[in-house]
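Everything on this sheet refers to the single structure shown next.
The values are calculated or read from the model by the stated rules, or taken from the named source; none is laboratory data. Keep in mind that what you see is a predicted model, and the values were worked out from it rather than measured. No Cβ is skipped: glycine too gets one built from the backbone with ideal geometry, and neighbour counts run over all protein chains shown. Remember, those area values only see protein heavy atoms, side chains included, never the ligands or the DNA or RNA. Shrake-Rupley method; radii C 1.70, N 1.55, O 1.52, S 1.80 Å.
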Amino acid sequence: QVQLVESGGGLVQAGETLTLSCTASGLTFSTYGMAWFRQAPGKEREFVAAISRQGASTTYADSVKGRFTVSRDNAKNTVFLQMNSLKAGDTAVYYCAAKLWTYSRLSNYDYWGQGTQVTVSS
């Protein structure tokens with residue numbers, strides 16, 4: 001049974017840093033591209049960042065480029081999202097997702113986590 005478990009969400013002030021983690025089990029982690037998506041209240045889920053299987057390639061949404069960094073540790077089956085200079089507009093539930101062999105900015109991922117809440121107060 002595949003599980004993706006996010007952690008690290010919380011309430012922070014604007015301008016602060018928060019790092020999310022997503023630990024996978026039940027799959028061969030190094031064969032999956034990983035991504036982060038988010039969904040704010042009343043809005044559709046949107047792409048945030050993605051990373052290739054070995055971490056050599058990454059891609060970001062324009063709204064977070066230069067502030068967020070996605071990385072992974074295949075030895076620990078974990079993908080991270082470091083979020084710097086947080087803004088109120090970053091408030092959302094953040095989800096990690098896994099896609100076999102590749103990664104995408106689209107939401108056609110094979111597995112999803114349950115999400116972790118990030119709230120940024122201004």
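Once you charge only the Cβ atoms, +1 for Lys and Arg and -1 for Asp and Glu, what is the size of the charge dipole of segment 61-104 about its Cα centre, to the nearest 20 debye? The partial results should precede the final answer.
Values: 6 positive and 3 negative charges, 12 e Å.
About 60 debye.
Among Y94, M34, G115, whose Cα lies farthest out toward the positive end of the dipole of the chain, if unit charges sit on the beta carbon of Lys, Arg (+1) and Asp, Glu (-1)?
After comparing all options, I get M34.
Once amide H atoms are placed 1.01 Å from N in the peptide plane, what residues at a sequence separation of 5 or more from R72, or on another chain, have their amide H within under 5 Å of its amide H?
The answer is F80.
For the chain, set up a Gaussian network in which alpha carbons nearer than 10 Å are linked by springs, and say which option among G33, G55, G89 fluctuates the most.
With Cα springs under 10 Å in the chain, the top fluctuation among G33, G55, G89 is at G89.
Calculate one ³J(HN,Hα) per residue across segment 99-116 by plugging θ = phi - 60° into the Karplus curve 6.51 cos²θ - 1.76 cosθ + 1.60, and present them in order as whole Hz with x for glycine and proline.
10, 5, 6, 9, 9, 7, 8, 8, 8, 7, 8, 7, 9, 10, x, 8, x, 9
If you rank V64, V5 by how much accessible surface each has, with a 1.4 Å probe, what is the order from largest down? It would help to have the intermediate numbers written out before the result.
Details: V64 0, V5 70 Å².
The ranking, largest first, comes out as V5, V64.
What does the accessible area of K76 come to, in Å² to the nearest 10, when a probe of 1.4 Å is used?
Near enough 140 Å² of accessible area.
Convert each backbone phi in segment 62-77 into a coupling constant with the Karplus relation 6.51 cos²θ - 1.76 cosθ + 1.60 (shift: θ = phi - 60°), then list the ³J(HN,Hα) values in order as whole Hz, x for Gly and Pro.
Karplus-based 3J(HN,Hα) across segment 62-77 equals 4, 5, 10, 4, x, 10, 9, 9, 9, 8, 8, 10, 5, 5, 10, 6 Hz.
As an exercise, identify the chymotrypsin sites (Phe, Trp or Tyr not before Pro) in segment 63-112 lying in DSSP coil whose Cβ has no more than 11 other Cβ atoms within 10 Å.
When the chymotrypsin sites (Phe, Trp or Tyr not before Pro) of segment 63-112 are filtered for loop state and at most 11 Cβ neighbours within 10 Å, W101 remain.
Out of all DSSP beta bridges in the chain, what portion is antiparallel? Express it as a percent rounded to 5. The partial results should precede the final answer.
Values: 38 of 42 bridges.
Of the beta bridges lying entirely in the chain, close to 90 percent run antiparallel.
So what does L100 come to for accessible area, using a 1.4 Å probe and Å² rounded to 10?
So the heavy atoms of L100 present about 70 Å² to solvent.
Suppose R0 equals 30 Å. What FRET efficiency, 1/(1 + (r/R0)^6) with r the Cβ-Cβ distance, do T102 and A14 give to the nearest 0.05? Spell out each step's value before the answer.
Values: r = 35 Å, r/R0 = 1.16.
Between T102 and A14 the formula returns 0.30.
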